[in-house]
Every structure is written in C-alpha cells, then in structure tokens.
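*Asks:* Sharing a structure here in structure tokens format.
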Amino acid sequence: MYAVVGCTDCHALWLLADPDAAETATCPRCGRRHRTAGLKRFVTAEDRETAREARAAMLADAADATDAFESTPSVAEMEVTTDDAVVDDAEYLDAAGIDPDDVAAAGESATGGRAGSRSRPEIVRDALRELDAPDESDVVAYATDHGVPADAAADLLDRLVRRGEATASGGTYRLL
C-alpha cells in the first residue's frame with residue numbers, strides 16, 4: 001500500500017510506502033521527521049503508479065496547471081511508446097546523409113581494428129608490462145608507436161612514478 005502524505009512544515013507531498021507499518025517518516029524536502037499516524041493521507045492506493053499519478057495531479061492542481069497535466073500522458077504510457085520511437089544508429093546516420101558503412105570503417109581505422117581504444121596512460125602502462133627492463137627511451141618509443149606523443153609519454157611515465165604506480169631503479173622502470 002502507498003499513501004500520498006504532506007509535511008506540516010514545508011507542505012511537500014511525497015509517497016510513503018506501507019504507511020501502516022512505519023512509525024516515522026522523514027520529509028524529503030525539509031528533513032523533518034513525522035510520526036506517520038499524525039500525517040494526513042491525501043490518497044491511499046494499492047500500487048505505486050496510482051499513488052504517483054495522484055500526487056502528480058495534486059501538484060499540478062497546486063501549480064494551477066491542471067489542463068497541462070491532463071493533456072500529458074502518464075509516465076507508464078510514455079514508457080510504452082519510447083521503445084517504438086527509437087531510431088537505430090544506421091537509420092539516424094542515413095537520414096543525416098552520412099553513410100553508416102563509412103562511419104564503421106572510420107571507427108575501425110581509428111582504433112586499429114580493436115573494439116575500443118586505449119588511453120595514453122594505459123599505453124604507457126602496457127609498455128611497462130610488455131617490455132623487458134625498459135628504460136625511459138624504450139617506454140617513449142613504445143608509446144609513440146602506439147600514437148602517444150613523446151613528451152606526453154615521458155610526462156605520464158614521471159606521473160606513474162610520482163604516484164607510486166611504477167618505480168625507477170638504475171634507469172629501468174617497472175609497474176608496482
């Protein structure tokens with residue numbers, strides 16, 4: 001069971017689930033704690049949707065927007081229609097004058113055939129994992145081969161060391 005109740009301080013309306021079982025309820029707007037027995041129940045309903053619609057109607061009436069509320073479909077009705085109105089990516093691109101196959105090819109080209117792209121820090125970490133006893137020049141070379149600018153790779157390597165994610169000993173780097 002659900003009840004639409006109101007705060008005696010700020011006049012907020014909210015839904016209270018199972019009002020007979022709870023001893024107290026807290027107003028979501030002002031935070032005042034109320035004894036549920038003392039709260040005025042404007043509407044009680046067996047299901048949440050009915051109580052939610054009743055609260056929405058009360059709020060619309062208080063805002064003098066009853067006509068707008070009545071002309072708007074319920075949330076449940078709108079949720080049903082959203083699945084029908086969805087346009088898939090290919091249809092959207094085609095309607096915009098863009099060839100979906102060209103977009104897919106560009107995505108493949110940009111990611112080197114991988115499903116997703118790696119970030120610059122991931123590439124530097126991969127260099128530390130994959131290379132045997134790499135020094136800074138080895139890591140920078142690996143990173144530049146994978147699309148990271150040399151200065152960014154060196155900076156990322158320094159950051160990893162400062163954060164304690166990597167260590168440098170004798171000019172050789174490794175992940176911790």
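*Asks:* In degrees between 0 and 90, to the nearest 10, how far off the longest principal axis of the chain does helix 75-85 point, with axes built from Cα atoms?
*Replies:* 40
*Asks:* Next up: How would His146, His11 line up by accessible area, probe 1.4 Å, largest first?
*Replies:* Order by accessible area, largest first: His11, His146.
*Asks:* If you don't mind, another one. Find how much the distance from Val86 to Met58 grows on full extension, using 0.36 nm per residue of separation minus their present alpha carbon separation; answer in nm with one decimal.
*Replies:* Values: separation 28, 0.36 × 28 = 10.08 nm, distance 3.17 nm.
Gain in length upon complete extension: 6.9 nm.
*Asks:* On C-alpha positions alone, give me the angle between the axis of helix 100-111 and the longest principal axis of the chain, in degrees, nearest 10.
*Replies:* 50
*Asks:* Quickly estimate the mean residue ellipticity at 222 nm for the chain, helices only: each DSSP H run with n ≥ 4 gives -39500 (n - 2.57), and the total goes over all residues, rounded to 500. Could the numbers behind the result be given before it?
*Replies:* Working: 8 runs with 86 residues, N = 176.
The helix-only estimate for the chain comes to -14500 deg cm²/dmol at 222 nm.
*Asks:* Same structure, new question: Hull surface divided by four, with the convex hull built on the Cα atoms of the stretch 1-47: how many nm²?
*Replies:* Details: hull surface 11.1 nm².
Quarter of the Cα hull surface area: 2.8 nm².
*Asks:* In whole Å and largest first, what semi-axes does the C-alpha gyration tensor of the stretch 2-82 yield when each eigenvalue is scaled by 5 and square-rooted? Can you show the working numbers first?
*Replies:* Working: eigenvalues 123, 47, 19 Å².
Value: 25, 15, 10 Å, ordered largest first.
*Asks:* Give me the extension gain from Asp155 to Lys40: residue separation times 0.36 nm, minus the current Cα-Cα distance, reported in nm with one decimal.
*Replies:* Working: separation 115, 0.36 × 115 = 41.40 nm, distance 6.31 nm.
Separation in residues times 0.36 nm, less the Cα-Cα distance, equals 35.1 nm.
*Asks:* Per 5 Å bin from zero, what fraction in whole % of the C-alpha pairs of the stretch 116-175 is there, up to the bin with the longest pair?
*Replies:* Bin by bin from 0 Å, the calculated values are 4, 23, 36, 25, 10, 2, 0, 0.
*Asks:* Now, a different point. Relative contact order (percent) for the chain, with alpha-carbon contacts under 8 angstrom and 6 or more residues of separation?
*Replies:* On the way: 185 pairs, mean separation 22.2, N = 176.
Relative contact order here is 13 percent.
*Asks:* Quick one: with all protein chains in place, what share of the accessible area of the stretch 116-175 is carbon or sulfur, to the nearest percent (1.4 Å probe)? Spell out each step's value before the answer.
*Replies:* Details: 1460 of 3410 Å².
So the carbon and sulfur contribution to the accessible surface is 43 percent.
*Asks:* Same structure, new question: I need the semi-axes of the equivalent ellipsoid of the chain: take the C-alpha gyration tensor, multiply each eigenvalue by 5, square-root it, list largest first in whole angstrom.
*Replies:* On the way: eigenvalues 683, 174, 33 Å².
Taking √(5λ) for each eigenvalue gives 58, 29, 13 Å, largest first.
*Asks:* Hey, can you find the accessible area per residue of the chain for me, probe 1.4 Å, expressed in square angstrom?
*Replies:* Working: 11560 Å² over 176 residues.
Result: 66 Å² of accessible area for each residue.
The values are calculated or read from the model by the stated rules, or taken from the named source; none is laboratory data. Being a predicted model, the structure only gives us computed values, none of them experimental. These area figures cover heavy atoms from the full protein model, side chains too; ligands, DNA and RNA do not enter into them. Shrake-Rupley method; radii C 1.70, N 1.55, O 1.52, S 1.80 Å.
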